[in-house]
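Participant: Quick one: this structure, given as structure tokens, is what I'll be asking you about.
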Amino acid sequence: MNRGGRQLTLQTGSLVAGFMVWVILSSLMPFISVDIPLSTGQMAWVTAVPVILGSLLRVPIGFWTNRFGARFLFFISFLVLIVPIYYISIANTLVDLIIGGLFIGVGGAIFSIGVTSLPKYYEKGKHGFINGVYGMGNIGTAITSFAAPVLANQFGWRKTVLFYVILMLLFALLNFVLGDRKEPKVNVSMVEQIGSVYKSSKLWFLSLFYFITFGSFVAFTIYLPNFLVDHFALEKVDAGLRTAGFIVLATLLRPVGGWLGDKFNSFKILAIVFAGLTFAGFLLSFTPSLAIYTIGCLGVAICAGIGNGTIFKLVPLYFSQQAGIVNGIVAMMGGLGGFFPPLILTTLFSMTGHYAIGFMALSEFSLASLILVLWMYHQDRLYIADNVLENTASGMMLTTTDGKIIRVNPAFTEVTGYSSEEAIGQTPKILHSGKHGEEFYQAMWERIQERGYWSGEIWNKRKNGEVYKESLTISSVKNEVGDTEYYAGMFNELTNR
């Protein structure tokens, strides 16, 4: 196995362990609430609290990964987690659970380590898939959702929690021994990196998208075990199995989302994702039967899984030099997306007696994101076209169908001497050299009307009056229905000045 493959395996395994710890309270809450009496609202807070630190720490951890490397960050994180795990095992009050749960959040924060470290070992065309494979570490939440209730039935929830201390020691040792000591590192101040990206609209749009996709995943992971027991009167182990199924499906589809982002336009994939989430939220808002509710939850799992993988394809694509801090910010927003929904759902249920408004909010936010994705898709296409125009070595000119110049590039100015301000609003006649008669131009335009383009050599005149020879291609630019909207001219000078 090569160096990248070894680190992918180790870091994905480490994420599995971290996420197993991260959801330990929500998975064991039906058992914990028997020993420590908690109201519905208190249970919602206890299960949501680990998301707070697990989200906020993702920004500095992503930054520190670039500075110190994944080996050091994973090693320290697993040692730190031992303390809150032990503290939860001896908890007797609501306050104990909240304090322990807060620091258990470190298990979720380590997500930023791999998404920052692993792209260093692979070419850009594989970043989406690699981050998707790493993101399969989410399966740790499914393992705990399934295994923790089974173990708690046999050994009690306190001993079950203590088993995780052994897991943390094992992965701390594995990272210390097998972690890459020679990982490339970046030593740039955090303030400088944040300052270079915080004004980028792409950063905040990606953060919003991940807030919804990963937030949906985390929120349903936390919320489902208790909801299925309370609302549908399922057995605790049955509820754990169904939650584990939700997690497994979303997790397995994460690398699929990354692969789709590598192979196709990522914005098109996200448009499908948010259309699906819009429908799923709408379906769930009608308080359906268990069968229909299952379909809605599976829809959320599919869309959230694919969306999570696709979004982290876009981060290194747009922010290759600031990947650590941007990964941290986007991941933080995703984690916070998992913190608020369970609390909001619980509050709404206590006020209205149902969850319809909360699920409808998921639908509406997803619909808004769908609109933003479509807007970003078209903006991206315009940016690419603009970038090509500005940086091509050939002179380029764009005119309306009545011959008015509306755009020129720097190469046009270099050859002709006319600045964009001087050329825009004029017609190409400002370049006529006088060496060609009306018959020449008439034949040129007849050819363009007939075939859509003309290509040949022509004499033109610079601003200073100097005549020069160029190779010129004029093409018609058509709209969706086939009508010509613009004419584009591209030329290269053939004579030396």
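Participant: Could you please let me know if T251 is modelled with pLDDT of 85 or more and closer than 25 Å to F19 by Cα? Don't jump to the end; show me each part of the working.
Facilitator: Details: modelled with pLDDT of 85 or more: no; closer than 25 Å to F19 by Cα: yes.
For T251, the condition - modelled with pLDDT of 85 or more and closer than 25 Å to F19 by Cα - is not met.
Participant: Okay, next question. Run down G309, G328 and say which single residue is modelled with pLDDT of 80 or more and part of a helix (DSSP H, G or I). Before the answer, list the steps.
Facilitator: Numbers: G328 fails: modelled with pLDDT of 80 or more.
Among G309, G328, only G309 is modelled with pLDDT of 80 or more and part of a helix (DSSP H, G or I).
Participant: For region 455-494, which residues satisfy the criterion of being within 17 Å of L431 (Cα to Cα) and of a type in the set (A, V, I, L, M, F, W, C)?
Facilitator: I458, W459, V467, L472, I474, A488, M490, F491, L494
Participant: Kindly indicate the residue of region 207-223 that is of a type in the set (A, V, I, L, M) and touching a Ser or Thr at 6+ places or on another chain (Cβ under 9 Å) and also modelled with the lowest pLDDT among those meeting that condition.
Facilitator: Narrowing region 207-223 to residues of a type in the set (A, V, I, L, M): 208, 212, 218-219, 222.
When the remaining residues are screened for being touching a Ser or Thr at 6+ places or on another chain (Cβ under 9 Å), the result is 208, 212, 218, 222.
On the way: L208: 88, I212: 88, V218: 75, I222: 71.
This residue is I222.
Participant: Kindly indicate whether any position in region 71-92 is crowded, with 17+ Cβ neighbours inside 10 Å, small (G, A, S), touching a Ser or Thr at 6+ places or on another chain (Cβ under 7 Å) and touching a residue at least 12 places away in the same chain (Cβ under 8 Å).
Facilitator: Looking for residues that are crowded, with 17+ Cβ neighbours inside 10 Å, small (G, A, S), touching a Ser or Thr at 6+ places or on another chain (Cβ under 7 Å) and touching a residue at least 12 places away in the same chain (Cβ under 8 Å), one finds none in region 71-92, hence no.
Participant: Looking at (1) at pLDDT 90 or above; (2) more than 23 Å from T416 (Cα to Cα), which is the one condition that is false for W459?
Facilitator: (2)
Participant: Can you find, within region 254-272, the residue that is surrounded by the most Cβ atoms within 10 Å (Cβ to Cβ) among those that are under 15 Å from Y210 (Cα atoms) and of a type in the set (V, I, T)?
Facilitator: I269
Participant: Still on this structure, I have one more. Return the only residue of L53, L8 being in contact with a Gly (Cβ under 6 Å, 6 or more places away or on another chain), assigned to a helix (DSSP H, G or I), surrounded by fewer than 24 Cβ atoms within 10 Å (Cβ to Cβ) and aliphatic (A, V, I, L, M). Quick ask: steps written out before the conclusion?
Facilitator: Working: L8 fails: in contact with a Gly (Cβ under 6 Å, 6 or more places away or on another chain).
The match here is L53.
Participant: Identify, by number, the condition in (1) modelled with pLDDT under 90; (2) in contact with a Ser or Thr (Cβ under 8 Å, 6 or more places away or on another chain) that V161 doesn't meet.
Facilitator: (1)
Participant: Could you tell me whether region 374-387 includes any residue that is over 25 Å from G54 (Cβ atoms), in contact with a strand residue (DSSP E or B) (Cβ under 7 Å, 6 or more places away or on another chain), assigned to a helix (DSSP H, G or I) and at pLDDT below 75?
Facilitator: no
Participant: If you don't mind, another one. Can you find a residue that is under 42 Å from the mean Cα position of the chain (by Cα) and among the aliphatic types (A, V, I, L, M) anywhere in region 430-442? Even if it seems obvious, please write down each step before you answer.
Facilitator: Let us first name the residues in region 430-442 that are under 42 Å from the mean Cα position of the chain (by Cα), namely none.
No; the residues of region 430-442 include none that is under 42 Å from the mean Cα position of the chain (by Cα) and among the aliphatic types (A, V, I, L, M).
Participant: Let me ask something additional. Taking region 93-119 only, how many residues are more than 17 Å from the chain's Cα centre (by Cα) and β-branched (V, I, T)? Give the steps one after another, and end with the answer.
Facilitator: Step one: of region 93-119, the residues more than 17 Å from the chain's Cα centre (by Cα) are 93-107.
Cutting the leftovers down to β-branched (V, I, T) gives us 93, 95, 98-99, 104, 106.
Counting residues in region 93-119 that are more than 17 Å from the chain's Cα centre (by Cα) and β-branched (V, I, T) gives 6.
Participant: Does V95 satisfy the condition of being without any contact (Cβ under 8 Å) to a residue 12 or more places away in the chain and not hydroxyl-bearing (S, T, Y)? Don't jump to the end; show me each part of the working.
Facilitator: Numbers: without any contact (Cβ under 8 Å) to a residue 12 or more places away in the chain: yes; not hydroxyl-bearing (S, T, Y): yes.
Taking the combined requirement at face value, the residue satisfies it.
Participant: Given the condition surrounded by fewer than 24 Cβ atoms within 10 Å (Cβ to Cβ), among the aromatic types (F, W, Y) and free of Cβ contacts under 8 Å to residues at least 40 places away in the same chain, answer yes or no: does some residue in region 101-113 qualify?
Facilitator: No, region 101-113 contains no residue that is surrounded by fewer than 24 Cβ atoms within 10 Å (Cβ to Cβ), among the aromatic types (F, W, Y) and free of Cβ contacts under 8 Å to residues at least 40 places away in the same chain.
Participant: Separate question: List the number of the failed condition for A233; all other conditions in (1) in contact (Cβ under 8 Å) with a residue 40 or more places away in the chain; (2) surrounded by fewer than 24 Cβ atoms within 10 Å (Cβ to Cβ); (3) among the small types (G, A, S) hold.
Facilitator: Against the list (1) in contact (Cβ under 8 Å) with a residue 40 or more places away in the chain; (2) surrounded by fewer than 24 Cβ atoms within 10 Å (Cβ to Cβ); (3) among the small types (G, A, S), A233 comes up short only on (1).
Participant: Additional query: Inside region 160-279, counting only helices (runs of 4 or more DSSP H) that do not spill past its ends, which hold 1 or more residues that are within 16 Å of the chain's Cα centre (by Cα), acidic (D, E) and more than 21 Å from L367 (Cβ to Cβ)?
Facilitator: Numbers: elements: 190-197, 201-232, 236-263.
Output list reads 236-263.
Residues are listed down the side, and each one gets a yes or a no for (1) assigned by TED's automatic domain parsing to the domain that holds V34; (2) β-branched (V, I, T); (3) closer than 30 Å to K124 by Cα:
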| position | (1), (2), (3) |
| --- | --- |
| S200 | yes, no, yes |
| Y210 | yes, no, yes |
| L241 | yes, no, no |
| G245 | yes, no, no |
| L252 | yes, no, yes |
| G261 | yes, no, yes |
| T278 | no, yes, no |
| I295 | yes, yes, no |
| A301 | yes, no, yes |
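Participant: To continue, here is another question. Any residue at all in region 218-228 that's surrounded by fewer than 20 Cβ atoms within 10 Å (Cβ to Cβ) and more than 18 Å from G335 (Cβ to Cβ)? Don't jump to the end; show me each part of the working.
Facilitator: So in region 218-228, the residues surrounded by fewer than 20 Cβ atoms within 10 Å (Cβ to Cβ) come out as none.
Checked against the condition, which is being surrounded by fewer than 20 Cβ atoms within 10 Å (Cβ to Cβ) and more than 18 Å from G335 (Cβ to Cβ), region 218-228 yields no hits at all.
Participant: Mind counting the residues in region 126-155 that are over 14 Å from V237 (Cα atoms) and touching a residue at least 12 places away in the same chain (Cβ under 8 Å)? If you could, list the steps in order and put the result at the bottom.
Facilitator: Just the residues of region 126-155 that are over 14 Å from V237 (Cα atoms), to begin with: 126-141, 155.
Add one more test, that the residue is touching a residue at least 12 places away in the same chain (Cβ under 8 Å), and what stays is 126-141.
Within region 126-155, residues that are over 14 Å from V237 (Cα atoms) and touching a residue at least 12 places away in the same chain (Cβ under 8 Å) number 16.
Participant: Among the residues of region 16-37, are any of a type outside the set (A, V, I, L, M) and without any contact (Cβ under 8 Å) to a residue 40 or more places away in the chain? Lay out the reasoning, then the answer.
Facilitator: Looking only at region 16-37, we keep the residues that are of a type outside the set (A, V, I, L, M), and these are 18-19, 22, 26-27, 30-31, 33, 35, 37.
So of that shortlist, the ones also without any contact (Cβ under 8 Å) to a residue 40 or more places away in the chain come out as 33, 37.
Looking through region 16-37, at least one residue is of a type outside the set (A, V, I, L, M) and without any contact (Cβ under 8 Å) to a residue 40 or more places away in the chain.
The values are calculated or read from the model by the stated rules, or taken from the named source; none is laboratory data. The structure presented is a predicted model; accordingly, all values stated were derived computationally and were not measured. When we count neighbours, we look across all protein chains shown, and the Cβ atoms used for this are built from the backbone with ideal geometry, even at glycine.
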